[in-house]
Every structure is written in C-alpha cells, then in structure tokens.
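To keep things clear, I will list the structure first and then write my remarks on it.
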Amino acid sequence: MKKVILFLGIAAMLFACSGESSSSNTDTFDRKGMLENWADNIIIPSFQNYQSKTSALATASATFTTTPTEANLTALRASWLEAYKAYQKVAAFEVGKAHDLMFRYYNNSFPVSVSDINANIAAGDNQLDLLTKFDEQGFPALDYLLFGVGNDTASILAKYTTDTNAAKYKSYLMAVSTRIKSFSDLIVADWTTGGYRTAYVLNNGTGVSSSTNKTINLFVQYYEYYLRSVKIGFPAGKFSATTRPSDVEAYYKNDISKELLEIGLQSSKDFFNGKHFNSTTTGLSLKAYLDYLNVVRSGESLSTTILSKYAEASTSIGVLNASFSQQIQTDNTKMLAAFDALQKNVVCFKIDMIPALNVVIDYQDNDGD
C-alpha cells in the first residue's frame, strides 16, 4: 500500500506541481504576529463557536431523552448538524489540549462500528474513554443513533420509546452528546483561561516544537489526510481494490457529506489566507508569509498558485452529489477527479510551501489500511 501512495505522490508531482520554486527575502517575518492572528482571530473564536454548538447539542439531547417526541428528535437532529458543521472549522487545530484529548479521533472517526455500539447499548456500557472506542462515539455515532437505528422516523423513535432497551438507547445518546460537549469545554478553557494562548504565541521560534511548525504540520496533515483521503479517497477506493460507499462521512444522514467537505475546504482556505472567523478581515497568514518571502513557482507567486488549486478543488467538489455514497455508486469518476484536484495542493504544500517556510514535517502519510 505504501508503494501505491509513493507512486501517486510522484505522479502528482509530475503533473500538478511541476516547476521550480524560489524565494528572495531573508526571513524576519513577524511569526509572533501571525500566531496572534491564528490564536485570537481564528482558532479561539472557532472553538468558542464550536463550544456553543455542542452545548446546544447536549441541551437538545437532554430534551429529547427526557421527552422523546418526533418534534424533539427533529430539533436534536438540527443541533447535531449545526455542531457537526462547526466541527469542520476546528478539526485542523488539534494542538494543545485538543492534542492531549485526541480530539479528532474521539469526535469524528468513521465509519462507526455499529456492532460495537449496539453491543454497548445492550450491555448498558457508556464508558467511552478507552482507546478502543474511537469508532463508537462522536458525531458519527450520533449520525447512526439519530438516523440509522431504524428505517424511518417512526421506527427510530420507537428505539427511544417502546423498545425494551429504550432507556439504554437514551442513556448512550446522552453519554455521547455530553462527551462531545466536554471536549469543547476543556479545549476552550485551556485556550482562554488555562494559559495556553500565551504559551502558544510566545513559542514563536523556528524549531520543530515551535507553534509555527506544529500548526503548519497540522494544517497540511488535515488537508492531506482528513480532507483528501478520509472524506474522498478511502470511500472512493483510491487506496483499495473496491469502492467503500458506506465509509463516507455522515453515511446515515446521507445527504451532507458534500456540505461537510465544502465547509472543511473553505476553512482550510480561510486559514491559509489568515481570514478571521466569521469575518472578511484578514491578518498575518501563510499567504502573507509566502508573499513576504517572495516565493515564486514557475513564474507565479506560490500563494497565487495555491489559491488557484483551492478554486480547482472547489469546482470539482461542486459537481458532486450531496450524498457521496450515492455519487460513488452512480459515477465514481467524479469522486476520483475531486481527489486529484485536492491532491494538487498537497504537492504545493509539501514540495514548495514547507521547504520555503523552513518547516519540518513531523507526521507520516497514513492511508488508514
């Protein structure tokens, strides 16, 4: 499998990012100012928004489990979707407390293990903090619990009302929802009152453990693995002999996998541009850093090239079905084309941007198989 990945990487280099890059400025860029912009205007407000949405999710879960009506199920589903969309805007920032908590693994590992979730419910087992339980909780578990435990709304409601395990279903649903909220509370507290914001900004050197190095690694890793491979490549069969349509994000809701990817891609682009959360204002950023260094590739500024690749990826994703599982089964070539479009910036990031910024890659490619 690694040979396949290597081949794909080399092939992509040849067609997607050919040409040499160069830079001309001595690096005295204001990295501290960039870290302040990342922390104060992007990461912290994004996590605070996420905290608000997960709080609403926990409240809606409590309302539904206390009074399991169709109206409360509809409201809970809406809260889940809003929180899931907010998650897409913080998923790349697994630094500090989020790293300690293994935030992404516990909150968005998919596909879920339906058999393990059902076994947990039958046993009344709500212990979710074990390393073996990544795929039994988080947003994908709620996707199953709110949309997949029955064939229609009536049969799903029955699981929480008349089923012999109805109390256990409600207990498990509540455990998953409150755990998602608890993660967001801990992360926001660490950034805002726990001192992490100050430590993050002051760690503005150029070493492997510096905040700049860590954040850029997370940015590239998120784009390469969680956006490109997990959301598109794995279910579309890019790394396997067959397609895996049931492995898409939000499989049970089944009509939002495209929307979640688009939010993630836009958030990645916004971070590259240093765009403040929920604002049109921009600050010091990766784009500004590359422009300051005057990094040029094939006669064009690298930042311009990267933004054009973002636009190509967005266009390729825009033609996909809202349901990726349906898209894979009806015309998988469009999924593979979207993967290839996303791949172009992987090459630009790893071959051109990271060397120009003197960053050391500290993660390994992982196809997940």
> How much length is gained on full extension from A241 to N151, taking 0.36 nm per residue of separation minus their Cα-Cα distance?
Replying inline: 29.4 nm
>> Can you bin every Cα-Cα distance in region 301-369 into 10 Å intervals starting at zero and give me the percent of pairs per bin, rounded to whole numbers?
In response: 19, 38, 31, 12, 1
> Hey, in the GNM for the chain with a 10 angstrom Cα cutoff, which one of A236, A86, A337 fluctuates hardest?
Replying inline: A337
> Pulled fully out, how much extra length does the chain show between D185 and S301, if you take 0.36 nm times their separation in residues and subtract their Cα-Cα distance?
Replying inline: 37.7 nm
> Hey, which aspartates and glutamates would be in cross-link range of K275, C-alpha to C-alpha under 15 Å, not counting anything within fewer than 8 residues on its own chain?
Replying inline: E36, D40
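Using a Förster distance of 25 angstrom, determine the FRET efficiency expected from the C-beta separation of A311 and T282, and round it to 0.05. Before the final figure, lay out the partial values.
Numbers: r = 17 Å, r/R0 = 0.69.
Efficiency computed from Cβ-Cβ geometry: 0.90.
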> Over the chain, what percent of the accessible surface lies on carbon and sulfur atoms, probe 1.4 Å?
Replying inline: 52 percent
> On full extension of the chain, what length is gained from D362 through A75, given 0.36 nm per residue of separation minus the C-alpha to C-alpha distance?
Replying inline: 99.1 nm
>> With n ≥ 4 as the cut-off for DSSP H runs, can you work out [θ] at 222 nm for the chain, using -39500 (n - 2.57) per run divided by the number of residues, rounded to the nearest 500?
In response: -18000 deg cm²/dmol
> Once you put a point 7 Å from the Cα of S115 and another 7 Å from the Cα of Q127, both along the Cβ direction, what distance in nm separates them?
Replying inline: 2.1 nm
>> Compute the angle between helix 211-221 and the longest alpha-carbon principal axis of the chain, please, reported from 0 to 90 degrees and rounded to the nearest 10.
In response: 70 degrees
> What percent does the relative contact order of the chain come to when contacts are Cα pairs within less than 8 Å and at least six residues apart?
Replying inline: 25 percent
>> Cβ neighbours within 10 Å, averaged per peptide: list 91-103, 306-318 in order, most packed at the top.
In response: 91-103, 306-318
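Pairs K168/K258; K89/K133; K214/K258: which are spaced more than 26 Å apart, C-alpha to C-alpha?
K168/K258; K214/K258
The values are calculated or read from the model by the stated rules, or taken from the named source; none is laboratory data. Predicted model, so just to flag it, every value in this text is computed and none were measured. Neighbour counts are summed over all protein chains in view; Cβ atoms, including those assigned to glycine, are modelled from backbone coordinates with ideal geometry. When the accessible area is computed, the model is the full protein with side chains, heavy atoms only, and any ligands, DNA or RNA have been set aside. Shrake-Rupley method; radii C 1.70, N 1.55, O 1.52, S 1.80 Å.
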